[in-house]
Amino acid sequence: MNTEFIEMINFENEKLSLRERKLQIKNSDIMAIISKNQRKLMLCLMQEINDKNEIIELIWGNKKSKSKESNYNQLVYQTRSLLAKNGFPDDLIITIHRYGLCLNHQFLKPGTLRNEPVITLNESTQPGRADAAEITQNQVFPNHWRNEPS
């Protein structure tokens, strides 16, 4: 198994930036300093390595043991707690029953962050034409980020 990516210092995808141990949502002030194993976990998820056993192997090595599974569960819990405490969505990391984990794909879509610019189409002066795009500061608050009941 290729484990070179685990040693990467910097990695980015569409929404997240990982610089050494600093995980940040791009174009926002939301960030957290994460541990070495939390960094490995996030690298796995950002690289779409979602299988629990593969994640365990990449973080703790080949030998399968009950303690590694406990360590995995504790690492996932602590990572979720740390990220939520620092302003990341509570459901950024999703459990896939009997398989592993993944990053929330809803989060990775454009327009899911507060104050993120969203492209909206405005109708031009000619009726029936919608060819003028305008970037607006659309306030986008997913239900899980609102203080009000859903």
Accessible surface, region 11-63, averaged per residue in Å² (probe 1.4 Å): 51
Other-chain or far-sequence residues with amide H under 5 Å of G100's (modelled H): K52
Packing rank of 57-64, 79-86, where each peptide gets the mean count of other beta carbons within 10 Å, highest leading: 79-86, 57-64
Segment K85-K22, extension gain: residue separation times 0.36 nm, minus the distance between their alpha carbons: 21.2 nm
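The values are calculated or read from the model by the stated rules, or taken from the named source; none is laboratory data. All values derive from a computational prediction rather than experimental measurement. Every residue, glycine as well, gets a Cβ built from its backbone with ideal geometry; the counts of neighbours run over all protein chains shown. Ligands, DNA and RNA are excluded from the accessible area calculation, which covers all protein heavy atoms including side chains. Shrake-Rupley method; radii C 1.70, N 1.55, O 1.52, S 1.80 Å.
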